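Before any comments, here is the structure.
The values are calculated or read from the model by the stated rules, or taken from the named source; none is laboratory data. In this text the structure is predicted, and so the values were computed from the model without any measurement. Positions of Cβ are generated from backbone atoms using ideal geometry, with glycine treated the same way; all protein chains shown enter the neighbour counts.
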Amino acid sequence: MKKIIIVLMTLILSIQAFSETVVKGTYEKSKKRYKELNLKVMGNIKLNSISIDSKNSVTLKLENYNVIMNKNELLNLYNSDNTNKLNKLKNTLTDKEAVKYNLKNKIAELVENNKAIIYDKKNKTELKNIIKVEYHNYIYYDEGRGSGYEGYSFYADDNFEKVIMNFDIVVPGLGIPIHSSLGDNPYTENQKVGKNFEKYNERKELYEKARINPDKTITIKY
């Protein structure tokens with residue numbers, strides 16, 4: 001019985017660890033705007049060692065990482081739900097090219113299905129574990145209005161500092177990333193606009209600290 005309780009407690013603690021949300025606030029003085037980045041941990045992805053034929057591989061070259069995949073698998077995955085088919089790919093892709101050809105989400109899908117290698121350029125090693133994080137990026141301008149962007153990120157560390165790759169939540173059937181226009185900054189209005197916000201008081205306090213310390217990112221966790 002004691003063993004069962006210990007196992008259950010361990011499971012509960014592990015689930016709680018994955019429910020962590022990190023909020024980063026930055027007031028950009030020159031642009032007169034406040035940026036709030038909400039990061040919610042979706043889970044760990046274990047990357048097993050796989051072999052990819054160098055003669056039929058494609059590499060997404062990022063600033064700090066290379067993502068190496070089987071070229072045919074990426075093409076087949078892309079063509080499976082796109083009317084504009086791709087017949088061939090270069091051996092290397094920049095992040096800009098991956099966005100241009102709408103490949104980012106497909107690359108992410110290969111990563112999640114353990115069909116890609118992520119190579120850490122600095123440490124010259126393959127990553128064995130990465131963290132999948134849902135993000136909500138809100139931008140509020142001092143003169144009013146704002147924008148919101150949603151998507152997912154892969155991180156190589158628990159502190160959410162070493163981002164590997166961002167990719168978008170795409171509107172089904174339309175193939176475009178989710179973007180929304182926002183109202184005025186909710187942390188500067190007098191009415192009770194924050195009553196439906198998760199952890200509104202904590203996020204308002206974060207905003208106020210960011211205003212006092214412009215161009216510095218301040219972080220809270222809950």
Which residues, taken from segment 111-139, are part of a helix (DSSP H, G or I) and surrounded by fewer than 18 Cβ atoms within 10 Å (Cβ to Cβ)?
-> Glu112
Is segment 89-96 home to any residue that is of a type outside the set (Gly, Ala, Ser), farther than 16 Å from Glu73 by Cβ and in contact with a helix residue (DSSP H, G or I) (Cβ under 6 Å, 6 or more places away or on another chain)?
-> no
Of the candidates Ser30, Ser57, Ser14, the one satisfying the condition of being farther than 30 Å from Ala210 by Cα and at pLDDT 90 or above is Ser57
Of these, Tyr101, Tyr78, Tyr119, Tyr138, which one is assigned by TED's automatic domain parsing to the domain that holds Gly183 and touching a residue at least 12 places away in the same chain (Cβ under 8 Å)?
-> Tyr138
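From the list Glu161, Glu143, exactly one residue is in a loop (DSSP other than H, G, I, E, B), over 15 Å from the mean Cα position of the chain (by Cα) and assigned by TED's automatic domain parsing to the domain that holds Lys40. Which is it? Spell out the reasoning first.
On the way: Glu161 fails: over 15 Å from the mean Cα position of the chain (by Cα).
Just one listed residue meets the conditions, Glu143.
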Subset of segment 90-110, residues within 15 Å of Glu63 (Cβ to Cβ) and outside any helix (DSSP H, G or I), comes to Thr92, Leu93, Thr94
Give just the number: which of (1) buried (at least 17 other Cβ atoms within 10 Å of the Cβ); (2) in the same structural domain as Pro214 (by TED's automatic domain parsing) does Leu93 not satisfy?
-> (2)
Just checking, which of Asn48, Asn38, Asn114 is under 20 Å from Ala156 (Cβ atoms) and under 17 Å from the mean Cα position of the chain (by Cα)?
-> Asn38
Within segment 168-221, the residues that are at pLDDT below 85 and within 30 Å of Tyr65 (Cβ to Cβ) are Asp168, Ile169, Val170, Val171, Pro172, Leu174, Gly175, Ile176, Pro177, Ile178, His179, Ser180
Single residue of segment 67-81 satisfying the filter (assigned to a strand (DSSP E or B) and out of contact with any Leu (no Cβ under 7 Å at 6 or more places or on another chain)) that is farthest from Val111 (Cα to Cα) | Asn70
